[in-house]
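*Asks:* I have a structure I would like to understand better, so I am pasting it below and will then ask my questions one at a time.
The values are calculated or read from the model by the stated rules, or taken from the named source; none is laboratory data. Since the structure is predicted, the reported quantities are computational estimates derived from the model, not experimental observations. Here Cβ is always computed from backbone atoms with ideal geometry, including for glycine, and neighbour counts include all displayed protein chains. Quick note on the areas: whole protein, heavy atoms, side chains included, nothing else; ligands and nucleic acids left out. Shrake-Rupley method; radii C 1.70, N 1.55, O 1.52, S 1.80 Å.
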Amino acid sequence: MYELLKKYISNRAQINDEQMDFICSFFKPMQTKRNEILVRYEEICQQYYFVNKGCIRIFTINKEGIETSRFFAFEGGFGTALPSFIDQQPAYEYVQTIEKSELLVISRTDFYQLVETMPQFALIYREILELGFITAQKRIYGFQGFDALEKVKWIIENQPHFLLRVSNKMAASYLGISPSTLSRIKSKL
């Protein structure tokens, strides 16, 4: 169950087997159902999730009840309601599994203990933050001025598995287009 996490860590840090086992000992397996809410709106996030199998989505719901997907973490990725996790204020988003998933979960206390006591894990955390920032910036700046077709082509180029794994409604909310527009474009590609 820890092979994917070990691969993720070893690809990013010089670490021996004893250190690897120590890090992994803080992560607990969690099985979820499809569409299970892991963090609710206005809840204070206390856990970080590594996706071993499945997918988690981070999204918001506006006053009209319309969902906007902000981030998806697939196998081998981390995800959480990061602002709430960091500053311990209520989350302004939801974290949900969109498929039956196998996650490895670490508590906020254990996570920061590893960051503070293991320089290798601190480097991993920095990389998680940097990659998340870069991905968000590419998406934001890449989508500015893009029409719907260009957005779909961008997602196919940058995240080829995305449209195969995510419902049209969720994908459209991530891309900032309507589900019908997404369906029309997909049928032409």
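*Asks:* At least 3 residues that are touching a residue at least 24 places away in the same chain (Cβ under 8 Å) in each: list the helices (runs of 4 or more DSSP H) lying fully within segment 74-170 that qualify.
*Replies:* Ranges flagged: 82-87, 108-117, 119-143, 148-158.
*Asks:* Name the one entry in I140, I134, I106 that is open to solvent by 40 Å² or more (accessible area, probe 1.4 Å), among the aliphatic types (A, V, I, L, M) and within 15 Å of the chain's Cα centre (by Cα).
*Replies:* I134
*Asks:* Could you identify the single residue in V39, V51 that is touching a Cys at 6+ places or on another chain (Cβ under 6 Å), among the β-branched types (V, I, T) and at pLDDT 95 or above?
*Replies:* V39
*Asks:* Sort out which residues of segment 63-101 are open to solvent by 50 Å² or more (accessible area, probe 1.4 Å), charged (D, E, K, R) and farther than 22 Å from R12 by Cα, and write them in order of number.
*Replies:* K63, E64, E67, R70, D87, K100
*Asks:* With (1) surrounded by fewer than 16 Cβ atoms within 10 Å (Cβ to Cβ); (2) at pLDDT 90 or above as the list, and A148 as the residue in question, which single condition is left unmet?
*Replies:* For A148, the failing item is (1).
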